[in-house]
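Below: the structure, in structure tokens.
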Amino acid sequence: MANFKTVMKSGHPPTLFAAFLYFDFCFAIWVLNGAMGPFITETYKLTPAQTGFMISLPILAGAIMRFPLGVLAQYIGRKNAAVTEMSLIILAMAYGFFLVHSFGDVLAMGVLLGIAGASFGVALSLGSGWFPPEHKGLAMGIAGAGNSGTVLAVLFAPPLAQAYGWQAVYGFAGVFMLIPLAVMIVFAKEPPDREHQSFKQHVSCLFEKDGWAFNLIYVITFGGFIGLSNFLPTFFYEQFAVTKIEAGRLTMLAALMGSGIRILGGYFADRIGGILVLTVVLLAAVGSFLMLTAAPTLFVTTLLFMFCFAALGAGNGALFQLVPLRWPTNTAVAGSMIGEVGALGGAILPNAMGLSKQYTGGFAAGFLFYAAFTAIVLGCLALWSRKWVGAWVGPRGKVLAEVAAPAAQPEGARQEGGLGGVQRA
């Protein structure tokens, strides 16, 4: 507790709290269509493939919008960018409440929900910007805990949709978005660590082999987390014929595990090595997906999803233990691009599950596909790590005693990049 107080005194806690609240509410709105998937599917009699696409669209839109919002934040400030984004979200919720009357409107709403998915980089950088380098990790962990917004969506959206109609949920979301907006305006202060990054610096890791290695791993860990978070309400409703509200509650149990375990993933990665932790969690994910192909009982399925989410959440934390070791002079921009590509990967799983249901009559093929994909990435990690260990990281992914800067660093890169710190989804 004393150490926590020391960390808080070193920065600006009101800004950190405002950043957490901003990210939490944005994440909840980002996954809103997924939480209401059974209601929307029933209303428009969607095929499984259409449902999968509808659920994946906000994920794709949010991933694409992350980079433009990050660039905007460099020029108008992170607080102003957050206020602008939340104001646009409120307008988008008004569109959902008043103008969504067809499946085409739902798809358009999915694109608008992507505005909320763009928040992660700004939120984490804003929350950690007032803290010194030795405490930025904890500050970003606190702000990043806002991905628990998934829990808010799956817990509250189904009961509200049942009572008032699912279109009304957009209206409720718009009203509640006024809370983080007010907190941001009143309590947050723009951090002093603002710097500009060129477009070349932002995309530099996309031209390195290691950058794509990290991207693929994050497609599994974070992409799996956000993809499953969106699809599980529909899965539980269709697979086990539970009520729409029960489907949301079951999803909440799994999502809560993934949000909470992320911090532990980073903690153990620091102590036993990020490569080792990633190896273990990817093995756990492969095993979970394979066991789910057997269509076990509701109780066992829920436990398997909780275990799978815990593995994916720990993998998210472990991956970002390695990012600053590989890109020590431009950690922020590397983390930003890895986070964006990982979020794009979140669209894979809902579509795979929807196509599996439509063409095979069940979800087993979708789970098998993702298990195989994860196993391939796990095998690649074993090969990649042979080159990494000794070059820029120690055994099992621990910090190397004397880390030489990788040769592929972009000229002129700086320690604290565009949004002022390591960015994580």
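Each residue in region 332-361 was checked for being farther than 19 Å from residue 309 by Cα and modelled with pLDDT of 85 or more, and 9 pass. Among the numbered conditions (1) at pLDDT 90 or above; (2) open to solvent by less than 10 Å² (accessible area, probe 1.4 Å), the only one that residue 364 does not meet is (2). Criterion first (at pLDDT 95 or above and touching a Leu at 6+ places or on another chain (Cβ under 7 Å)) does residue 176 satisfy it? No; evaluated as a whole, the condition is false for this residue. Applying a threshold of 6 Å to beta carbon distances and a minimum spacing of six or more residues, or different chains, the list of pairs starting in region 388-400 at a residue that is under 15 Å from residue 209 (Cβ atoms) and assigned by the TED database to the domain that holds residue 267 and ending at one that is at pLDDT 85 or above and open to solvent by 50 Å² or more (accessible area, probe 1.4 Å) is empty.
With respect to being assigned to a helix (DSSP H, G or I), at pLDDT below 95, out of contact with any strand residue (DSSP E or B) (no Cβ under 7 Å at 6 or more places or on another chain) and of a type in the set (Gly, Ala, Ser), residue 110 falls outside the description.
Yes or no, residue by residue, for (1) free of Cβ contacts under 8 Å to residues at least 40 places away in the same chain; (2) touching a Phe, Trp or Tyr at 6+ places or on another chain (Cβ under 7 Å); (3) surrounded by fewer than 23 Cβ atoms within 10 Å (Cβ to Cβ):
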site	(1), (2), (3)
210	no, no, yes
226	no, no, no
239	no, yes, yes
242	no, yes, yes
249	no, no, yes
274	no, no, no
280	yes, no, yes
285	no, no, no
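Across region 2-48, the qualifying residues are those that are within 30 Å of residue 235 (Cβ to Cβ) and free of Cβ contacts under 8 Å to residues at least 12 places away in the same chain, and the one among them that is least open to solvent (accessible area, probe 1.4 Å) is 42.
For the criterion of being within 23 Å of residue 274 (Cα to Cα) and open to solvent by less than 10 Å² (accessible area, probe 1.4 Å), residue 379 fails. Being hydrophobic (A, V, I, L, M, F, W, C) and farther than 22 Å from residue 181 by Cβ: is that true of residue 65 here? In short, no.
Check region 382-391 and report whether any residue there is under 28 Å from the mean Cα position of the chain (by Cα), open to solvent by less than 50 Å² (accessible area, probe 1.4 Å) and modelled with pLDDT of 90 or more. The answer is yes, given that some residue of region 382-391 is under 28 Å from the mean Cα position of the chain (by Cα), open to solvent by less than 50 Å² (accessible area, probe 1.4 Å) and modelled with pLDDT of 90 or more. In region 40-52, is there at least one residue being within 25 Å of residue 340 (Cβ to Cβ) and aromatic (Phe, Trp, Tyr)? Within region 40-52, not a single residue is within 25 Å of residue 340 (Cβ to Cβ) and aromatic (Phe, Trp, Tyr).
The values are calculated or read from the model by the stated rules, or taken from the named source; none is laboratory data. Values in this document were obtained by computation on a predicted structure and should not be read as measured data. Positions of Cβ are generated from backbone atoms using ideal geometry, with glycine treated the same way; all protein chains shown enter the neighbour counts. All accessible areas refer to the heavy atoms of the entire protein, side chains included, with ligands and DNA or RNA removed. Shrake-Rupley method; radii C 1.70, N 1.55, O 1.52, S 1.80 Å.
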